[in-house]
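The values are calculated or read from the model by the stated rules, or taken from the named source; none is laboratory data. Just so it is clear, the structure is predicted and the values come from calculations on it, not from any experiment. No Cβ is skipped: glycine too gets one built from the backbone with ideal geometry, and neighbour counts run over all protein chains shown.
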Amino acid sequence: MDKWVVYALISMIFAGFTSVIAKMGLPGISGELGLTVRTLFVSLFVFGFAAIAVPSGDFLLLNRMNILWLGLSGMTTTLSWIFYYKALKLGDVATVALIDKGSVVVAILLAWLLLKEVITLRILIGGALIVGGLLVMVKRP
């Protein structure tokens with residue numbers, strides 16, 4: 001198994017824990033406050049990780065385009081998290097998390113449009129299954 005697949009699987013497991021643990025931390029407070037506290041912890045952990053894992057010389061490799069695109073990514077992450085926490089406060093974790101994972105379909109389309117990545121039959125089928133799963137889980141009886 002490729003190393004990136006192992007990393008992606010580990011990410012998937014932690015992301016699953018993240019949603020449940022976050023929901024457990026929201027009773028009695030707003031989703032916005034919960035997001036703020038969580039983000040403070042994320043920032044501390046990421047800065048600590050960078051201090052250990054990123055060679056200091058690597059910071060000199062940053063250019064304006066890196067900063068622009070990563071800054072825009074940070075902005076879209078922030079917007080995603082704001083609305084994710086609003087949904088998590090009000091909805092069921094499983095449904096909110098699945099709808100959020102529908103972002104895979106958005107990423108596939110954007111990667112095709114902007115990065116010229118190839119959409120294969122396997123990717124089309126996987127994307128269709130994700131959309132199908134979304135429709136099944138969000139439909140109320």
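Residues that are among the aliphatic types (A, V, I, L, M), surrounded by 13 or more Cβ atoms within 10 Å (Cβ to Cβ) and farther than 15 Å from I21 by Cα within the stretch 83-106 comprise L98, I99, V104, V105, listed in sequence order. Checked against the criterion of being out of contact with any strand residue (DSSP E or B) (no Cβ under 7 Å at 6 or more places or on another chain), in contact (Cβ under 8 Å) with a residue 12 or more places away in the chain and either in the same structural domain as G28 (by TED's automatic domain parsing) or within 21 Å of F14 (Cβ to Cβ) (or both), the candidates A87, A107 yield just one match: A87.
Given the criteria within 25 Å of L26 (Cβ to Cβ) and either modelled with pLDDT of 95 or more or of a type in the set (S, T, N, Q) (or both), does F49 qualify? It is false that F49 is within 25 Å of L26 (Cβ to Cβ) and either modelled with pLDDT of 95 or more or of a type in the set (S, T, N, Q) (or both). Using the structure shown, decide if I29 is surrounded by 12 or more Cβ atoms within 10 Å (Cβ to Cβ), of a type outside the set (S, T, Y) and assigned to a helix (DSSP H, G or I). In short, no. The residues of the stretch 107-124 that are loosely packed, with under 10 Cβ neighbours inside 10 Å and among the β-branched types (V, I, T), listed by number, are V118, T120.
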